[in-house]
Each structure stands twice: as C-alpha cells, then as structure tokens.
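*Asks:* Provided herewith is a single structure, encoded as structure tokens, for subsequent inquiry.
The values are calculated or read from the model by the stated rules, or taken from the named source; none is laboratory data. These numbers come from a predicted model, not from an experiment. For neighbour counting, all protein chains shown are included, and Cβ atoms are generated from backbone atoms with ideal geometry for every residue, glycine included. These accessible areas exclude ligands, DNA and RNA; they are computed on the full protein's heavy atoms, side chains included. Shrake-Rupley method; radii C 1.70, N 1.55, O 1.52, S 1.80 Å.
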Amino acid sequence: METALTIAGSDSSGGAGIQADLKTFSALKVYGMSVITAVTAQNTTGVRSIATIPTNIIQDQMEAVLEDIPVGAVKIGMLSSSHVIKTVVSTLVNVKATNIVLDPVMVSKSGHHLLEYEAVQTLKEDLIPIATIVTPNLPEAEAILGRKILCEEDMKEACQQLNELGPKYVLLKGGHLEGDPVDVLYDGTEFHHFYQERILTKNTHGTGCTLSSAIAAHLAKGNSVVDSVHLAKEYITGAIQHSISIGQGHGPTHHFHQLW
Ligand SMILES: Nc1ncnc2c1ncn2[C@@H]1O[C@H](COP(=O)(O)OP(=O)(O)OP(=O)(O)O)[C@@H](O)[C@H]1O
Ligand SMILES: Cc1ncc(CO)c(N)n1
C-alpha cells in the first residue's frame, strides 16, 4: 500500500489543511497519515484563532510515524513559526525523507496570517532547500523573493530565483493573476506550463492544499515529478469543478474522485 504523510495545520471546517490533505490521499487511494502543527478555528469565511502545537509534540508525532511506517511522500503545509520549521527540518533530515512537497502556506484566502512574518527567512534558508518540489502561489513567491510578479515572464524569472534556493522543482501557481490561471513548473533547466480555463466559482477554499497533497499522493505511487504535477492538476481541476456550495464564504473543493 502506498503511503503519504501530511505535516500541516487542522482546519475545523474541513476544507483546507490536514483535512483536505487526508481527503485527497484517500480519493487517490493512498494511505494517509498526519502530523498536526497547529489547530485553527476557521470556516469558509475566515480564521478565528490559532493554537500552535508545542514543538516536542510535533517532533514526537513525526518520529512515531517515521520510525514505524515507510512514508512514500511527505506534504508540508502550515508551519506557524521559525521554531516549528526548524523542528520539522531537523526531523526530516534525520530520517533522510524523500519526495518532500512543500506548500509554503503564509496567508489564508480570507487574509489571516498562518506563518509569522519573521519565519519567511527560516523557510527560505532551511526548508525550501530540502524540498523536492515547492508550490508557492504568487503572493508567497513575492514574500520569499521580495519582488513583485506581474506577468508570465516575471513568473519564469521568479521560478529561476526560487530554484537557486535549492529545491529540485518549483511549481509557481498563477491563479492570483487575472484571466485563465497558468502554473509554471521549473526543474532548473526546463519550463512546463500548465494552462487551465478559469472555473467561475467562489468555492476555492483549500485549493493550494489539495493540489500539493495530490502531487504527494502521485509521487508516493512512484510517478515522476512532472507526471505527478500533471495528474494533480487534473485532480484539482475536477475538485474545483465539483466544489461544494456550503457555508457563507469560500466553499471547499470536492474529493469524491470516483463520483466525478
Ligand atoms: N478558478 C480556478 N479555476 C481553475 N483552476 C484554479 C482556479 N483557482 C485556482 N486554480 C488552480 O488551483 C491550484 C491552486 O492554486 P491557488 O493559486 O488557488 O493556490 P493557493 O492560493 O495556494 O490556495 P490556498 O488559498 O488554498 O492557499 C493551481 O493549480 C491553480 O491554477
Ligand atoms: C490549516 C490551514 N492550512 C492551510 C490553509 C490554506 O490557506 C488554511 N486556510 N488553513
């Protein structure tokens, strides 16, 4: 049985974070496991409060899983602070984890900060270099690089600058630009562009989490990074197309893959 581990925050409304990741793993028939880094009280309209889990408990959860069960891929989402990032990095390095998919979560769709501002430097120096693939959206890439990204040409340059930080692949998500979303994947030599017609819906809560965990699931099944991104893009597109209109704000994506 293929396995994947998510290291991320809990979303009480079930649309993003740990809950989106585990639903994605299940829909793609991969056995999912979780390390919870923070508990957020949130729904489709926003985040009310956040409690970060103590780092010794985060480390214990990681070691409990990694010392016992082979992990095919690791997806990393919300990591609150510099301390949490350092704990996660040292534990992953100790066990020589591979297939690391890093979604550098910073701000929720509703505008709530999920990562302390000062932690961006630690993310850049310690975590991005060990990632197999890092999947920032445009505001996250702008915060990491300290520059604006306004068009597809800027996106290619940003991919090159992010690649210099050390990850094997960069997938820069263009959903935040106007028009049809274009994602750019860069492996240090070649660019792959993923063009997708914009689906007109407000139900986009958890799209970034879903995409990165779908990449992890496909890596766990033994696919290459490029194939995993292709397959994950198919998955997220279907999950947005069939997204669920619940709540007053941004509804969640749909994970019952076999039904659509
Ligand atoms: N309306 C849409 N139609 C089609 N594809 C979309 C749409 N919105 C986002 N996507 C795609 O979904 C994926 C996730 O992108 P997005 O930019 O929403 O991530 P994100 O901002 O990190 O999400 P989150 O708010 O969950 O952190 C990308 O591949 C993007 O191109
Ligand atoms: C816990 C959690 N992780 C990630 C996101 C993505 O924005 C969110 N809203 N909540």
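*Asks:* For the range 95-107, in order, what is each residue's ³J(HN,Hα) by Karplus, 6.51 cos²θ - 1.76 cosθ + 1.60 with θ = phi - 60°, in whole Hz (x at glycine and Pro)?
*Replies:* With the stated coefficients, the range 95-107 comes to 8, 6, 4, 10, 6, 9, 9, 10, 9, x, 4, 10, 9 Hz.
*Asks:* Quick one: accessible area per residue over the chain, 1.4 Å probe, rounded to a whole number of Å²? Please list the in-between numbers first.
*Replies:* Working: 11440 Å² over 260 residues.
Spelled out: the 1.4 Å probe surface of the chain, per residue, equals 44 Å².
*Asks:* If you rank S13, S245, S81 by how much accessible surface each has, with a 1.4 Å probe, what is the order from largest down? Provide the component values of the computation, followed by the final result.
*Replies:* Values: S13 45, S245 105, S81 15 Å².
Highest to lowest solvent-accessible surface, that is S245, S13, S81.
*Asks:* Another question, if that's okay. What list of ³J(HN,Hα) couplings, whole Hz, do you get for the range 208-223 from phi and the Karplus terms 6.51, -1.76, 1.60, once you set θ to phi - 60° and write x for glycine and proline?
*Replies:* Computed from phi, the couplings for the range 208-223 are x, 5, 5, 4, 5, 6, 5, 4, 4, 4, 6, 5, 4, 7, x, 6 Hz.
*Asks:* Once you charge only the Cβ atoms, +1 for Lys and Arg and -1 for Asp and Glu, what is the size of the charge dipole of the chain about its Cα centre, to the nearest 20 debye?
*Replies:* Dipole of the chain, to the nearest 20 debye: 540 debye.
*Asks:* Enter the accessible area of E142 (Å², nearest 10), with the probe set to 1.4 Å and all protein chains included.
*Replies:* Probe radius 1.4 Å; accessible area of E142 about 40 Å².
*Asks:* Looking at the chain as a GNM with Cα springs under 10 Å, which of T37, T237, T201 has the largest mean-square fluctuation?
*Replies:* Ranking T37, T237, T201 by mean-square fluctuation puts T201 first.
*Asks:* Let me ask something else about it. Which values, in whole Å and largest first, are the semi-axes of the equivalent ellipsoid of the range 91-227 obtained as the square root of 5 times each eigenvalue of the Cα gyration tensor? Mind dumping the intermediate values first?
*Replies:* Details: eigenvalues 91, 65, 53 Å².
Gyration-tensor ellipsoid for the range 91-227: 21, 18, 16 Å.
*Asks:* Please compute the net charge surrounding P181, taking Lys and Arg as +1 and Asp and Glu as -1 over other residues with Cβ under 9 Å from its Cβ. Before the final figure, lay out each step's value.
*Replies:* Details: positive: K173, R198; negative: D180, D183, E197.
In short, -1.
*Asks:* With all protein chains present, how much of the accessible area of the range 3-241 (probe radius 1.4 Å) comes from carbon and sulfur, to the nearest whole percent? Write out the running numbers ahead of the final one.
*Replies:* Numbers: 5020 of 9930 Å².
Answer for the range 3-241 is 51 percent, counting heavy atoms of protein chains only.
*Asks:* Which distance in Å, rounded to a whole number, links the C-alpha centroids of the range 11-78 and the range 152-197?
*Replies:* Using only Cα atoms, the two centres lie 26 Å from each other.
*Asks:* A further question on this structure: For T6, which sequence-distant residues (separation of 5 or more, or a different chain) have an amide H within less than 5 Å of its own amide H, given hydrogens modelled in the peptide plane?
*Replies:* M33, S34, V35, K75
*Asks:* Taking a 1.4 Å probe, which of H176, H205, H242, H83 shows the most accessible area, and what order do the others take after it?
*Replies:* On the way: H176 110, H205 20, H242 80, H83 140 Å².
From most exposed to least exposed: H83, H176, H242, H205.
*Asks:* Quick check: net charge around G72, other residues with Cβ under 10 Å of its Cβ, Lys/Arg +1 and Asp/Glu -1? Before the final figure, lay out the partial values.
*Replies:* Working: positive: K221; negative: E2.
Net charge in that neighbourhood comes out at 0.
*Asks:* Add +1 for every Lys or Arg and -1 for every Asp or Glu among the other residues with Cβ under 9 Å from the Cβ of G249, and state the total.
*Replies:* +2
*Asks:* Pull up the cross-link candidates among the lysines for K202, meaning alpha carbon to alpha carbon under 28 Å and not fewer than 8 places away within one chain.
*Replies:* Output for K202: K23, K29, K75, K109, K148, K156, K173, K233.
*Asks:* Report, by chain and number, residues whose modeled amide H sits under 5 Å from the one on S13, excluding near sequence neighbours (fewer than 5 apart, same chain).
*Replies:* Amide H neighbours of S13: Q42.
*Asks:* What do the square roots of 5 times the Cα gyration tensor eigenvalues come to for the chain, in whole Å, largest first, as semi-axes of the equivalent ellipsoid?
*Replies:* Working: eigenvalues 108, 92, 75 Å².
Calculated on Cα positions only, the semi-axes equal 23, 21, 19 Å.
*Asks:* At 1.4 Å probe size, what's the solvent-accessible area of L123? Round to the nearest 10 Å².
*Replies:* 10 Å²
*Asks:* Calculate one ³J(HN,Hα) per residue across the range 252-257 by plugging θ = phi - 60° into the Karplus curve 6.51 cos²θ - 1.76 cosθ + 1.60, and present them in order as whole Hz with x for glycine and proline.
*Replies:* Coupling constants for the range 252-257: x, 6, 9, 10, 7, 3 Hz.
*Asks:* Still on this structure: Mind listing the long-range amide H neighbours of V107? Cut-off is under 5 Å, sequence gap 5 or more, other chains count too, H placed in the peptide plane at 1.01 Å from N.
*Replies:* L114
*Asks:* Given the options V95, V184, V35, which has the most mean-square fluctuation in a GNM of the chain, springs set between C-alpha atoms less than 10 angstrom apart?
*Replies:* V95
*Asks:* If you don't mind, there's one more thing I want to ask. Report the calculated FRET efficiency for Q248 and L150 (r = Cβ-Cβ distance, R0 = 30 Å), to the nearest 0.05. Walk me through the numbers before you get to the answer.
*Replies:* Values: r = 32 Å, r/R0 = 1.07.
After rounding to 0.05, the efficiency reads 0.40.
*Asks:* Can you pull out the GluC sites (Glu not before Pro) in the range 1-98 that DSSP calls coil and that have at most 14 other Cβ atoms within 10 Å? Mind showing how you got there, number by number?
*Replies:* Details: sites: E2, E63, E67; in loops: E2, E67.
Answer in residue order: E67.
*Asks:* Just the accessible area for D68, please: 1.4 Å probe, Å², rounded to the nearest 10?
*Replies:* 120 Å²
*Asks:* Continuing with the same structure: With a cap of 16 neighbouring Cβ atoms within 10 Å, and only residues DSSP puts in a loop, list the trypsin sites (Lys or Arg not before Pro) found in the range 94-189.
*Replies:* K96, R147, K148, K168
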